[in-house]
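Colleague: Sending over a structure as structure tokens; questions will come in a sec.
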Amino acid sequence: MPQSPEPPAALRLRDFRLVALVLLALGLAAPATPSLAQASGHVRVKIVKAGLLIGSGAGSGTLSYRGKTYPFKISGLSFGITAGITVGRLDGWASGIREVADFAGTYSSVGGGFALVGGVNGVQLRNEKGVTIQLQGPKAGVELAANISQITISLR
């Protein structure tokens, strides 16, 4: 005995549910975008480091954030095994910025590195305001380091 076809209203409801399910799946699969309250900025840094047991470094950089460029100074100390002198140019991103003033502050990191004439440097820093900076790039010089670092960034 043949079955009767579904009434048109039931067919439309089923189609609507299918479309809604597909849209929900696409929405959940889409990458999260930062809100306007917390945006990311591009960071470029040039730093010179030197040390023997206790290291120090200084440099300058720029933060490109919401269409504007903000110059800053950077200085820091490291404690641990440090020997050598290097110059590095790092590029990366700062995230968790609510306003430009959040970028300035004291950052800390634990890390290490090795360079003999040249090498690659990478670091992840976080300050007391929740801003995280991830940087990487080439460095030149001679260095052996395994240390804890505190870095201070001040906007100019």
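The values are calculated or read from the model by the stated rules, or taken from the named source; none is laboratory data. Keep in mind that what you see is a predicted model, and the values were worked out from it rather than measured. When we count neighbours, we look across all protein chains shown, and the Cβ atoms used for this are built from the backbone with ideal geometry, even at glycine.
Colleague: (1) modelled with pLDDT under 80; (2) closer than 19 Å to residue 128 by Cβ; (3) surrounded by 15 or more Cβ atoms within 10 Å (Cβ to Cβ): which one isn't true of residue 38, the others all being true?
Modeller: All conditions are met except number (3).
Colleague: Name every residue in segment 88-105 that is buried (at least 16 other Cβ atoms within 10 Å of the Cβ) and not small (Gly, Ala, Ser), in order of residue number.
Modeller: If the condition is that a residue be buried (at least 16 other Cβ atoms within 10 Å of the Cβ) and not small (Gly, Ala, Ser), then 89, 90, 97, 102, 103 are the ones that fit.
Colleague: Additional query: Can residue 84 be described as surrounded by fewer than 16 Cβ atoms within 10 Å (Cβ to Cβ), at pLDDT below 90 and assigned to a strand (DSSP E or B)?
Modeller: no
Colleague: Hey, another quick one. From the set of residues in segment 123-152 that are within 15 Å of the chain's Cα centre (by Cα), in a strand (DSSP E or B) and of a type in the set (A, V, I, L, M, F, W, C), which is surrounded by the most Cβ atoms within 10 Å (Cβ to Cβ)?
Modeller: Only one residue tops the list, namely 133.
Colleague: Within the bounds of segment 111-121, is there any residue that is without any contact (Cβ under 8 Å) to a residue 24 or more places away in the chain and either surrounded by 15 or more Cβ atoms within 10 Å (Cβ to Cβ) or touching a strand residue (DSSP E or B) at 6+ places or on another chain (Cβ under 7 Å) (or both)?
Modeller: yes
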